[in-house]
Every structure is written in structure tokens, then in C-alpha cells.
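One structure is given below, encoded as C-alpha cells.
The values are calculated or read from the model by the stated rules, or taken from the named source; none is laboratory data. Since the structure is predicted, the reported quantities are computational estimates derived from the model, not experimental observations. Every residue, glycine as well, gets a Cβ built from its backbone with ideal geometry; the counts of neighbours run over all protein chains shown.
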Amino acid sequence: MRIASVALRHPTRAVTNEEIVALLGECSNGVEPRTLRKYQRLVRGLLKRAGSVTRYVRDEQRGERASHFVKAAMLEALERADMGPADIDLLIYCGVGKGFLEPANAYFYAHAAGLTCSCFDVSDACMSWMRALEISYRFLRAGMHRTAMVINGEFNYKEHGFPANFAVRGIEQLEYTFPTYTIGEAATATIVTAADAEWRFDYHSVPELCSLCNIPLAGYQDFVEPSARVALNGVSNFVAYGHELFARAEQYLMPLIRRTVGDLNGPDIYFPHAASSVAYLRAGRAAGVRNGKVYNNVFPRLGNLVSASIPAAMVLAEAEGRLKRGDRVALVPASAGMVFGVGQFTY
């Protein structure tokens, strides 16, 4: 399989860390002022430590909608690959952000972009994009399809975080709410074609950690065993124990990388899931990965883009000259679930 093109589109409204801190005050009517000031001070410090600078969200005054950016990314990917809608025979939607539980969101975007191909969705939190790539790889190798497009629309700011997660209730809330303040919005489209080049995918799942990051649906209680860590911010809102998530990533992801990659300096570039610009660099240095091999420019510029983080990183890295054809690439996402993955290929 060969990546023919990757496209990225994001909204126009930039939100700085200071705006996030100010929004906490605007959304927290009735909270004790001293508690609010302490909470804001802690958030400001944590954002700086994580490497957060800005994120982009839809500008409602300009009429920006998620569908506009998904369609634009699809059309740009087609143009970059010198293809038309008829060239795509498989479309997979893999975003956590979505408008429908039924039917698959892929059908709506196929219709919007003029595709008439096979469609379905893949859902595995921040691992979804790599899961969709592997499914495409297996289908292409089996001869079931010739060309696939993987898309996501990670537009979750108001749907799963704002303003509910910005209403301060107490300092303890910061433990499972802070990651909300780093979320950005974007859409990506990736086109892959059949080729002899081999890819490798490896995963390690730890289901007992499933409650560390969750967005519950209405009625979720009837589908799972009770958990004190689920729905702490209400139904449909983001809960994430960020500190423990990173600790678990170091515990499980680094051994997986060592086991599957072998020579840690063999890949020319690593693309982690962009939930921080600092943690992955620190982990890479501790493991002996040479400076410059771990790409970390997505998070400070665009925030945590959920399943769009890695394809967005590839677009930025190629524009900066840090990703070139022929480079050996290692995808190393960690995701809610929890699940840890390594994908290896030559770009």
C-alpha cells in the first residue's frame, strides 16, 4: 500500500491558552472566587507545561460547519493525488466527532463529495485513523479494492466539552477535565492505493483501563458495569484522566515500540498521537531516540486533534521538509480504551 496524498483543513478561529483560562471564569457563575482563581492558575500552568499554545475551533459567526472542512479535505486530497471521485472505491470515516450513530457517517460525506463507493465507519477513539489504515491495507492486499480514502472530522469542542467542562465545580475536577482544554478541531483525508510496499501493524490493548477516557451516550448505564470514572462531566461530555493516561502510555507503549521497531533510531520519523508536545519528546530521549526524529509540532499549533492528530502531523511535517518520500515512518499512537499501537511503512 502507498499513501497517495494527505490533506488537512481546520477552522479559522484561533483560541489561545489565555482565552481558555478566561472562558473558565465566564462559564463558572456561582463558584467561590478563590477556588476559581486557583483553578485558573493551575490550568494556565498545566497548559504551559504540556506545550499548548493555541487550538482552532469553528467560527459560528462565519457560519463554519464541520461538514465544510471534511468535504474540503476530501477534495484537496483528491486534487493532490490527481484523482477524481470515481477513483475512490472505499471510503472509511474514523472520527470521534460525528453527527450520526446510524447510518455510517461515511455515506453522508461520500454523497457530499460525489463518491459512489463502498462506505463504512471505524470507531476506536484516537487509534481510529491507524485502524482504518490497516483495514484499507488488508482490503487492498486482498484485491477487494484498488484505492481507499480515510477521513475524519474531529469537531468536538462544543459537542463534547464546551461549556459543560468549563464550568468549574471544584479543584478535584481538574484531574479528569484538563485535557478538554487542549482539544482543537480539524478534518483530514488520506488516500491510499494498492502497491507492493509492506506495512506492519502491532497493538497492545488494556481493557481494564477503559474508563480513563470516555464520552458516554444517554442511557450508557444500561450497557456497562458501574464505574466511578464514567460520565463525571455529564452525558456526552469528555472525561479524561490525563496524568494517568500519559503514565500508562509510558508503561505500555514504549515496550511495544522497542519490541516491534527494534532499532529505535531505524525510523526516520516518529508520529505520536498529539496530546502533548513535551511528553513524547521526553519519552523518546529517555529511550535513546535521537533528537529530531519525534515530530511534535501539531499540539502547540493545533491542539489535540484526536484521531486527526497523526495525519495532520504528516501534512505539517511534509510542508516543513521533515517528511519526504522514501522515509521510514513509525506511527506510535496511544488511545483511550486503552490501546497502544505501532505502524511501520515507507512513505
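Residues of segment 22-60 being in contact (Cβ under 8 Å) with a residue 24 or more places away in the chain and aliphatic (A, V, I, L, M), which ones?
Once the filter is applied, which keeps residues that are in contact (Cβ under 8 Å) with a residue 24 or more places away in the chain and aliphatic (A, V, I, L, M), segment 22-60 yields Leu23, Leu24, Val31, Leu36, Leu42, Val43, Leu46, Leu47, Ala50, Val53, Val57.
With respect to Val278, determine if the residue is over 24 Å from Val192 (Cα atoms) and either surrounded by fewer than 20 Cβ atoms within 10 Å (Cβ to Cβ) or of a type in the set (Gly, Ala, Ser) (or both).
Yes; evaluated as a whole, the condition is true for this residue.
Which one of these is part of a loop (DSSP other than H, G, I, E, B), surrounded by fewer than 17 Cβ atoms within 10 Å (Cβ to Cβ), of a type in the set (Asp, Glu) and at pLDDT 95 or above: Glu79, Glu102?
Exactly one residue qualifies, and that residue is Glu102.
Yes/no matrix, rows are residues, columns are (1) at negative phi; (2) loosely packed, with under 12 Cβ neighbours inside 10 Å; (3) modelled with pLDDT of 95 or more; (4) touching a strand residue (DSSP E or B) at 6+ places or on another chain (Cβ under 9 Å):
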position: Pro11; (1), (2), (3), (4): yes, no, yes, yes
position: Asn17; (1), (2), (3), (4): yes, no, yes, yes
position: Val21; (1), (2), (3), (4): yes, no, yes, no
position: Glu26; (1), (2), (3), (4): yes, yes, yes, no
position: Leu36; (1), (2), (3), (4): yes, no, yes, no
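Looking at segment 239-285 only, could you name the residues that are in contact with a Cys (Cβ under 8 Å, 6 or more places away or on another chain) and either part of a helix (DSSP H, G or I) or aromatic (Phe, Trp, Tyr) (or both)?
Within segment 239-285, Tyr241, Leu245 qualify.
If Val53 satisfies every condition in (1) within 18 Å of the chain's Cα centre (by Cα); (2) under 21 Å from Tyr241 (Cα atoms); (3) surrounded by 18 or more Cβ atoms within 10 Å (Cβ to Cβ) but one, which is the exception?
Result: Val53 passes all but (3).
Exactly one of these conditions fails for Leu91: (1) assigned to a loop (DSSP other than H, G, I, E, B); (2) of a type outside the set (Gly, Ala, Ser); (3) under 21 Å from Asp121 (Cα atoms). Give me its number.
Just one mismatch for Leu91, condition (1).
Out of the residues in segment 105-125 that are among the aliphatic types (A, V, I, L, M), more than 24 Å from Pro216 (Cβ to Cβ) and out of contact with any Pro (no Cβ under 7 Å at 6 or more places or on another chain), which is surrounded by the most Cβ atoms within 10 Å (Cβ to Cβ)?
Filtering segment 105-125 for residues that are among the aliphatic types (A, V, I, L, M), more than 24 Å from Pro216 (Cβ to Cβ) and out of contact with any Pro (no Cβ under 7 Å at 6 or more places or on another chain), the one surrounded by the most Cβ atoms within 10 Å (Cβ to Cβ) comes out as Ala110.
Looking at segment 293-323, which of its residues are more than 22 Å from Arg13 (Cβ to Cβ) and touching a residue at least 24 places away in the same chain (Cβ under 8 Å)?
Lys293, Val294, Tyr295, Asn296, Ile310, Met314, Ala317, Glu318, Arg322, Leu323, listed by residue number.
Can you tell me which residue is modelled with the lowest pLDDT among those in segment 216-243 that are among the β-branched types (Val, Ile, Thr) and farther than 20 Å from Val168 by Cβ?
Val224
Does segment 126-140 include one or more residues that are in contact with a His (Cβ under 9 Å, 6 or more places away or on another chain), crowded, with 24+ Cβ neighbours inside 10 Å, in contact (Cβ under 8 Å) with a residue 60 or more places away in the chain and polar (S, T, N, Q)?
Yes, because at least one residue in segment 126-140 is in contact with a His (Cβ under 9 Å, 6 or more places away or on another chain), crowded, with 24+ Cβ neighbours inside 10 Å, in contact (Cβ under 8 Å) with a residue 60 or more places away in the chain and polar (S, T, N, Q).
Run down Phe162, Phe139, Phe178, Phe201 and say which single residue is more than 18 Å from Ala7 (Cα to Cα), assigned to a strand (DSSP E or B) and not charged (D, E, K, R).
Phe201
Working only within segment 244-301, note down all residues that are of a type in the set (Ser, Thr, Tyr) and modelled with pLDDT under 90.
Ser276, Ser277, Tyr280
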